[in-house]
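The structure under discussion appears below in the form of structure tokens.
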Amino acid sequence: MTLLLASLSALLYGIADFSGGWAARKNAVFSVMLLSQAAGLALALVAAPIVGPSAPAAADIVWGLAAGLSGAVGIAALYRGLAAHEAAIVSPLSALIGAIAPAAFGLALGESPSALGKVGALLCLPAIALLSWEGRSAGPVGRTRSSLIHGLVAGLGFGGFFIAVSRTAPGSGLWPLVAARAASLGAIAVLIALRRERPSVERGDRAVAILAGAADMAANVLFLLACRSGLLVLVTVVTSLYPAPTVLLSVALRGQRLTFPRAAGIAVAIAGVALIGLR
């Protein structure tokens, strides 16, 4: 069940990533994020009272707030790096660090996957980098250094989100995710205000942005449930394979070419997940 939940979480994160990127083609990135995050918060507010307590512990809310702020830092660093045309380094590095940080945290807590689980997890790590590969970077040294910084910060932000969410108590239901989304939504709103932007998403792209937010929140829910039923080490690396569905959707709906590194990443990811499933 844990592997299924983590795999479905990766699928939904991939759908959210693709949908958000689609909506951001003709709209300001942070405007798209504001709408999508609001949609995710609305979904969480509807679901939380149904599946969880009405008054979660304060510690779980604090973990949720920390997760939201950490995720917002990760998103800001990622998009800042992408805006500077540093995708060749930022994308794979952020995805890889975002998987390694919580996996290392799980190991530090004493988690010990089986031998097959460890091999599968180790296979998933290069698969994550290959799936996020954007091609060669030919920028100057200064830009390369900036790319590394943005990728590292983004990865640590995403990893921090996974770690904080995993620390919430099972009895808290979905309320930590409500707190997380409220925190990230507030951070994005403040950022938009500081940039003196007027948030606006074209009518034709609003449904796609809302889909991105709903899929992202559903992925968060599945990740949370997976963490509560299995090892963070394995859940994180499987969930971090979300670039795979994003790549496949780009090939199917946008006509993008499936490059050799990404095709290899899909193959390695399948092998890694299969080994984890045999643990």
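The values are calculated or read from the model by the stated rules, or taken from the named source; none is laboratory data. Remember, predicted model here, so these are calculated numbers, not experimental data. No Cβ is skipped: glycine too gets one built from the backbone with ideal geometry, and neighbour counts run over all protein chains shown.
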In the stretch 2-56, residues that are surrounded by fewer than 18 Cβ atoms within 10 Å (Cβ to Cβ), out of contact with any Gly (no Cβ under 8 Å at 6 or more places or on another chain) and not in a helix (DSSP H, G or I) total 5
Given the conditions (1) in contact with a Leu (Cβ under 9 Å, 6 or more places away or on another chain); (2) within 16 Å of Gly68 (Cα to Cα); (3) part of a helix (DSSP H, G or I), every one holds for Thr168 apart from (3)
The number of residues in the stretch 61-119 that are in a helix (DSSP H, G or I), modelled with pLDDT under 80 and not aliphatic (A, V, I, L, M) is 4
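Would you confirm whether or not the stretch 220-241 contains a residue that is among the basic types (Lys, Arg) and closer than 22 Å to Gln37 by Cβ?
The answer is no, given that none of the residues of the stretch 220-241 is among the basic types (Lys, Arg) and closer than 22 Å to Gln37 by Cβ.
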Scanning the stretch 260-269 for residues that are closer than 15 Å to Leu122 by Cβ and among the hydrophobic types (A, V, I, L, M, F, W, C), the one surrounded by the fewest Cβ atoms within 10 Å (Cβ to Cβ) turns out to be Val268
Residues of the stretch 188-213 being among the aliphatic types (A, V, I, L, M) and crowded, with 19+ Cβ neighbours inside 10 Å, in sequence order, are Ile188, Val201, Val208, Ala209, Ile210, Leu211, Ala212
So, first residue in contact (Cβ under 8 Å) with a residue 24 or more places away in the chain in the stretch 255-272, second residue of a type in the set (Ser, Thr, Tyr), Cβ within less than 9 Å, six or more apart or across chains; the pairs are Arg262/Ser132; Gly265/Ser132
- [ ] May I ask you to verify whether Pro126 is surrounded by fewer than 24 Cβ atoms within 10 Å (Cβ to Cβ) and part of a loop (DSSP other than H, G, I, E, B)?
- [x] no
Selection from the stretch 168-181 of residues over 26 Å from Ala39 (Cβ atoms) and either among the hydrophobic types (A, V, I, L, M, F, W, C) or at pLDDT 95 or above (or both) yields Ala169
